[in-house]
1. List, in order, the whole-Hz ³J(HN,Hα) value for each residue of the stretch B:625-637 obtained from phi through the Karplus relation with A = 6.51, B = -1.76, C = 1.60 and θ = phi - 60°; use x for Gly and Pro.
2. Looking only at other chains, what is the average number of their beta-carbon atoms within 10 angstrom of each beta-carbon in A:47-58?
3. Could you calculate the contour length gain from B:His348 to B:Ala660, that is, 0.36 nm times the residue separation minus the distance between their Cα atoms, to one decimal place in nm?
4. Using the alpha-carbon centroid of each, what span in Å lies between the stretch A:110-151 and the stretch B:257-290?
5. If you plug each phi of the stretch A:29-41 into the Karplus form 6.51 cos²θ - 1.76 cosθ + 1.60 with θ = phi - 60°, what whole-Hz ³J(HN,Hα) values come out, in order, with x for Gly and Pro?
6. Using alpha carbon centroids, what distance separates the stretch A:31-107 and the stretch B:617-668, in Å?
7. Return the FRET efficiency for the residue pair B:Ala391, B:Ala560: r is the Cβ-Cβ distance, R0 is 45 Å, and the value is rounded to the nearest 0.05.
8. How many angstrom separate the Cα center of the stretch A:230-260 from the Cα center of the stretch A:319-379?
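Just so it is clear, none of the values below were taken in a lab; they were calculated from the coordinates. Quick caveat: nothing in here was measured; it's all calculated off a predicted structure. Neighbour counts are summed over all protein chains in view; Cβ atoms, including those assigned to glycine, are modelled from backbone coordinates with ideal geometry.
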Amino acid sequence: MTRRSLALAALLCAGCGADPTPPTQSCAHFATAALTATMAPARLVVTGVSPRYDAGRLFSVSLEDFSVRDLPIEATGDTVARALGPFVALLHRAIGDQDNLTLYDPADGRVCQVALLTDAERTAAPTRPLINAHDVVALDARTLLVARYNLDALAVVDVASARVTRTVDLTPFVGTAPHAYPDALRRVGDEVWVTLQRDNDPLRANPTQPGLVVRLDATTLAVRAAVALTHPNPYGPLVPTTDGRALLVSTFGSYNTLGDGAVERIEIATGAVSDVVDERAVNGNIDAVAVLDATHLALRVSAERQGTSALDDLRVLRFDTETRTAQTLLRAGTWGAAAPVVVGERVVIADPGEGYARTNAGLRVFGRDGTELRARVSIAPSLLPYDVQPAR
Amino acid sequence: MRALAATTLAAACCVLGSPAAAQEESATVRGQRVAADRRRIESSPRPATSLDLRARGPLAESVADLLDEAPGVHVRRTGDGFSPQSLTLRGAPGSHLTVALDGVVLNDAASDGVDLALLPPALLERADVYRGSAPVRLGTASLAGAVELITRRPDPGLTTSLSMGAGSFGARRLAALASLRAGRTEALVALGARGTDGTFTYYDDGGAARLPGTFTLRRNAWADAIDLLARVCRRDDRGRAGPCLLTLAGWRSRGVPGPGSLPTDGPYASQRRALTRLSWPLYGDAWRGELWSAVIVRDDLFDNTGRVTLFNSAPYVARSTTASMELGATLSRPLGPLRLEPTARLRHERFGGGQTLDGDLSATRTALLAGYELSAGTPRWQLTHGAALEALADRAATTSDLRLPWTLSLGARWSPVDALTIRAHAAWARRAPTLPELYGDRGTVRGNPSLRPETGWNFDLGAVYTRETGPIRARFEVSGYVRRVDDVIALVQVNRTRFEARNLVASRVLGVEAQARLAWRDRASVTVSAALLDARILDASGTLGARVPGVPWSDLSALASVSFEPARAGRITVGAGLSYVGLAYLDESNTAAYASPARTLVNASLAWSPSFLRALTLSLDATNLLDLRTAPRPLPDGTSVTAAVQDFLGYPLPGRALFASLTLTNRP
């Protein structure tokens, strides 16, 4: 900033107006062992967004009676939640709006907001970069690890001070892509796994470079291994199989191409990768997976218009990995981002609704056996469920 | 300083004209012509406001600034006057509004409306805002109305003027005009140049609203534009208007700053455009008509490269070209007690372009418009009727389609007494989808050839009271209206990377508009315009739902100026303006945290023409005098945070700005 600009800014700032005092932060409140606790979920935290993803609201849906209430904490048109013990981590990543990590305690409403850049990153960049946090895990009672999709480094956050204290460099893994595009994080024993999309054609969205899973030591955050996936564009969470020996991830490749993606299985012990369900088996792009039982998966399948056939729809399938047959749990004509969620004996599916006003949008609840338990849980008029997460 | 004064006086010498009496006479002639045109527009059954732009146009920042005083008009900005702007009229989006320049419709088959920031305010003489519907000659797609801009016309004799100014944020404007009417020839050449550094400060929360933000300088918001207008006309040997050639060419380049919390460094957009119109009036014993042809070419470039791209996306360059050609004819002839004005127009548009990705996307639209306006009446009453059918033949790649949008209108005006006019007007129209909505853009928008046209109707009822008492002229207008549009086209996200246009929603708007204009000689004037509107989205069962995003429920504009001449000081004019915009939700779900709160902007101006050099006027304009740049944004937990004042989420508006200018005018 030049001296003339500074003088100009000072002159023109006269009469800026009285600004409200920012709300109080309570970050030390969150730096507790509870961050890493595994708790039985009692509710779902649901982000409802407006049909054009301009705005969002957060809701708590009881797993007991599926009653819905507003959560008094802000959301955006692109906000996802992650449970960290009794707390909720909100990843805001709305361009032009909020782009940060916000910790929220539903019990007493306390909030801690973190701007996800180190001081060095803030000063080194010519302008503030888009961060776009995609996932977060707790490493210990006061440290979080955040996947910053638009930056080539994971952020290590000290919760008590609400600062990013260090980063984990991912540039060695970009391959032919302009960026690593880290997406999902998961604690696996004494490791943290992170999926990298490594999209080498982000403008056309026709990637050819397979995705990668990087395995980090959970204490030192040193890289232990990198596991190459078979297909491009891993998307969504790493979900454990029922036998605990592997993790599944959906890779959808390109939405324009049928057959370049699958649900892939990664053996924890050996790192071996194999396909579980190919796109062609379900005639669409698999962009979310949940494990129902040893032989059944819940798959979200998003189809692109293929030639003259109107395959433009969203389906959620209960797929039998042995018989290779599928039961359709949901079919919709519009896209919705929320992945199926398995909570106890139930699987919760987000229905994006139809039309401009997203008529009939809400949650649908099934048993693991595919039996419909609740036809619809509506969260709010004209809002579609964008993200659904189990929480305490 | 002495060099500057010498230069100024030298320039003044070159444009000094004839004695003051002659100046006053030609000013009267010019003023009478414009006033007559405005009365004709505003006295029809169709509600309309005609704005005289001659005084304010040369150094205005944008056309939108000039239109704001018309009732029912609301301008949404993404920054200063150079940034993309959209105009809503009676709660309707820009895609439902036809914008025309000297009768040539600027809306094209590839765009959703016309960006007003691209139009040169310095080269305009008048703007006619038609509310609710548009004259048949402007086509069938005017679901909400139309704005017709009239370029400068030559005055009798030789007229020259030069205006220049500079101001806050590196603002710079220049307007030069020379016109000649001698014998049967009249010619006008005008140049307008505008520019800005765009370096206004704004509140940046850094993407974390709960943490303290900072006031920072807007980056990459620079802009430059040059526009050239040339008009040559001939009158026939009876002094009637004859053939006329008009050329308007322009070039604009501007930085693309991105949202305030995610600034860019490098991306820019530029446009080159040219419009040429040749018209040939025809005269018969009892009729008159006009033949015309027009060509518009436009080349747009969007360069998203540089150190920091827009939204930090992968760099790319996109270019598109549009060319259109039209031939048209209008006629006006009496048929007994009726007057018939048929119109025909053939227009062919070619759209080509693409990103540097999938090759060119090319599509064409050929439109044949046939319509008429029929009127009958006396000075006391008038009935009007208009109808038009447009055959649209679209072609893209291997697809071709034929569409037939139409428009129909009925109007009535009655003046029970001289000063009072009561009017009613009803109109129906259909708007065909644009070519990208139908066939996609090979980028993020996927085509939907099954789209239906948007259809709408509008009904107006109003009254106008005018009175002239000695030196005082007054005009009061009030209108109530209801409009509805079905099958509104909106983009829907169909997967992570693609959008598709679909017929999704209906909207209904109820509104009241009012305007009061008072003038005392040419010394003082007050104009107050106000609008209240309830714009709602209707669900599939017709039930009223949320408010239409981006549309405030109330709008008020007030402008006042007074001139006086203290002894030997020359003429001093003081002006003030106030603009109030009510709360507007920015999303379809009317989320409180995403509402643009009500705001009031205050402007002021001061102008001085010294007695020793009446051709010179020095002016100082201040906009957003109270420097309103932030507003509280409520949070669901009952607290609030600071947010920048904005019309579009994430795009801050500038604060207080000053602009100083001088104008030298020679009139015969």
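1. 4, 8, 6, 6, 10, 10, 8, x, 10, x, 10, x, 8
2. 6
3. Gain on stretching B:His348 to B:Ala660: 107.9 nm.
4. About 45 Å separates the Cα centre of the stretch A:110-151 from the one of the stretch B:257-290.
5. 4, 8, 7, 9, 4, 4, 4, 9, 6, 9, 10, 5, x
6. So the separation of the two Cα centres works out to 36 Å.
7. Working from the Cβ atoms, E equals 0.40.
8. Going from one Cα centre to the other spans 19 Å.
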